[in-house]
Amino acid sequence: MQLYNTETHRKEEFKPLNEKQVTMYCCGPTVYNYAHIGNMRTYIFEDLLSRTLRLHWPLKHVMNVTDVGHLVSDADEGEDKMEVATAREGKSAWDIAKFYEEKFFADYDALHCTRPTVISRATAHIAEMIALVKTLEEKGYTYRTRDGIYYDTSKFPRYDALVGRSRLEGLRGGARVEMSDEKKNPTDFALWKFSPKDKKRQMEWDSPWGVGFPGWHIECSAMAMKYLGPTIDIHCGGIDHVSVHHTNEIAQSEAATGRKYVDYWVHGEFLVLRAGKMSKSGGTFVTLQTLRDKGYDPLDYRYLCLTAHYRTQLEFTYESLDSARKSLQALRRETAQIAAAAQKQPAVVTDRAAQAKAKFQAAMEDDLNAPKALAVVWEAVRGAELNPAEKVEFLKFADGILALDLFRAPEKKPQALPAEIEALVQQRAAARAAKDYQKSDELRAQLAAAGYAVKDTPQGQQVEKAS
Ligand code: AMP
Ligand code: ZN
């Protein structure tokens, strides 16, 4: 299996430390708001990796849930995102974390992402984080300021491991502007922050340095090493984590253990909107629920993500989502026909099925080339090479990785509505166009009385017969 390693800037043959179990750590959600579909793109790519690895090795996959300590600004300034949400929603930080964690995993499951072996909440690992900061303190990597315990990045020679020397200088230059006067270097970061003197935080803990809360970066180092040991095979995340979060994770972990922290750093590119970056804190984001409300199935979105390589940016548009939806539905229709044909005329499965599987697997093992793997699927389905029984066997295998529910009964083409119902729908469309919402509501009530539910979507009215 070949994987592109951010640290070495090239595709490498993946060799696990231990053939008996591959270890993988993926940065998880900060649960102060809904996840957007950009975040979910990253989890889909990680799922493709997890499923492909499992073809060869048992996998221990750990993901954290950041429920404290992620500050609004990367420069260790600003408030904790969780506490900001508290003010916004009038709930406790604990309730907010619980609520958004549940919502996150509902989306995660709906997109058929395989649950990690271990899901670890930051708030349940404060002791491990304190222990790690203590080790760093003993080894002389830390210093104290008025607001916390900081990591001195000038003491760690490999600090440029992920970003490279020249880019690091650039980042340092940029960070200098917002640097507090107590920081020794612009890239230094908080390991432990003190609670403000004038305000009681909802989430805070005692520590050898005073009451406070952990920095975001120390969370991942502490939890990754607790569950996976000092050296991990694969560490994943979105591309935005390379220059700060993962760079800091390396600095903390390697300074503490004296061992290499991660063998393969694998990062997924962003999903972008035409208007630019999709960002949770900026408030401009599309969620899976937004897509559902517009009549899409979560797997339509998964298909869309599979059409782009994980290391290329993907621009999100509803046109591309529509075409992903159409392709997925067409693929399910083909699959249903093939399955029916295979039942009608059972045929011998020759090693042609194995060859098709190998071709598919080779695409996935070439740094997760999902677009190529999808092309192999279409070729197998439409081509005459495989008999129906072989196609069924191949499709079952491919769907074990793609997880697109290919054997789900395809959606029926919408049935024509009875003429009198269609007339009411048209009248309602006219009323809505004329902004006569009273009339439109009356017509909706008439339709409901006749047993038809109407949903308004950007594509127009969606009418369904109540079952
Ligand atoms: P967060 O909950 O903000 O910590 O992010 C969760 C994951 O989503 C991280 O791996 C991020 O790198 C990733 N991520 C954030 N924004 C995007 C985006 N627009 N496209 C793809 N991945 C993203
Ligand atoms: Zn992380």
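The values are calculated or read from the model by the stated rules, or taken from the named source; none is laboratory data. Predicted model only: the values in this text are computed from it and were never measured. Heads up, the Cβs are rebuilt from the backbone with ideal geometry, glycines too, and the neighbour counts pull from every protein chain shown. When the accessible area is computed, the model is the full protein with side chains, heavy atoms only, and any ligands, DNA or RNA have been set aside. Shrake-Rupley method; radii C 1.70, N 1.55, O 1.52, S 1.80 Å.
In segment 202-222, the residues that are assigned by TED's automatic domain parsing to the domain that holds Tyr143 and open to solvent by 20 Å² or more (accessible area, probe 1.4 Å) never reach a residue that is within 12 Å of ligand 2 (Cβ to nearest atom) and among the aromatic types (Phe, Trp, Tyr) with C-beta atoms less than 6 angstrom apart, at least six apart or across chains. The helices (runs of 4 or more DSSP H) found entirely in segment 211-323 that carry 3 or more residues being of a type outside the set (Ser, Thr, Tyr) and within 16 Å of ligand 2 (Cβ to nearest atom) are 216-228, 247-257. The residue that is nearest to ligand 1 (Cβ to nearest atom), among those in segment 228-271 that are open to solvent by less than 30 Å² (accessible area, probe 1.4 Å) and of a type in the set (D, E, K, R), is Glu249. Pairing residues of segment 56-71 that are assigned by TED's automatic domain parsing to the domain that holds Tyr100 and within 24 Å of Thr86 (Cα to Cα) with residues that are within 14 Å of ligand 1 (Cβ to nearest atom) and among the aromatic types (Phe, Trp, Tyr), at Cβ distances under 6 Å and at least 6 apart in sequence or on separate chains, gives Gly69/Trp216; His70/Trp216.
The residue that is modelled with the lowest pLDDT, counting only those in segment 36-74 that are among the small types (Gly, Ala, Ser), buried (at least 20 other Cβ atoms within 10 Å of the Cβ) and more than 15 Å from ligand 2 (Cβ to nearest atom), is Gly38.
When Tyr143 is tested against the conditions (1) outside any strand (DSSP E or B); (2) surrounded by 13 or more Cβ atoms within 10 Å (Cβ to Cβ), the lone failure is (1). Considering only residues in segment 385-425 that are charged (D, E, K, R) and assigned to a helix (DSSP H, G or I), the one that is farthest from Ala356 (Cα to Cα) turns out to be Glu420. Somewhere in segment 104-115, is a residue in contact (Cβ under 8 Å) with a residue 12 or more places away in the chain and open to solvent by 60 Å² or more (accessible area, probe 1.4 Å)? Scanning segment 104-115 turns up no residue that is in contact (Cβ under 8 Å) with a residue 12 or more places away in the chain and open to solvent by 60 Å² or more (accessible area, probe 1.4 Å).
All of Leu49, Leu59 fail the test of being within 16 Å of ligand 1 (Cβ to nearest atom) and closer than 20 Å to Ile232 by Cα, apart from Leu49.
Does at least one position in segment 395-406 carry a residue that is aromatic (Phe, Trp, Tyr), under 29 Å from Tyr310 (Cα atoms) and out of contact with any Ser or Thr (no Cβ under 8 Å at 6 or more places or on another chain)?
Restricting attention to segment 395-406, the residues satisfying the condition of being aromatic (Phe, Trp, Tyr) are 397.
Narrowing further to those that are under 29 Å from Tyr310 (Cα atoms): 397.
With the extra rule that they be out of contact with any Ser or Thr (no Cβ under 8 Å at 6 or more places or on another chain), the set shrinks to 397.
Yes: one or more hits.
Screening Arg292, Arg311, Arg274, Arg302 for residues that are open to solvent by 20 Å² or more (accessible area, probe 1.4 Å), closer than 20 Å to Asp107 by Cα and not assigned by TED's automatic domain parsing to the domain that holds Arg10 leaves exactly one candidate, Arg292.
Scan segment 194-201 and tell me whether some residue there is closer than 17 Å to Tyr143 by Cβ and either in contact with an Asp or Glu (Cβ under 8 Å, 6 or more places away or on another chain) or in a helix (DSSP H, G or I) (or both). Taking every residue of segment 194-201 in turn, at least one turns out to be closer than 17 Å to Tyr143 by Cβ and either in contact with an Asp or Glu (Cβ under 8 Å, 6 or more places away or on another chain) or in a helix (DSSP H, G or I) (or both).
Scanning segment 408-453 for residues that are open to solvent by 90 Å² or more (accessible area, probe 1.4 Å) and under 30 Å from Leu331 (Cβ atoms) yields Glu411, Lys412, Lys413, Pro414, Gln415, Ala416.
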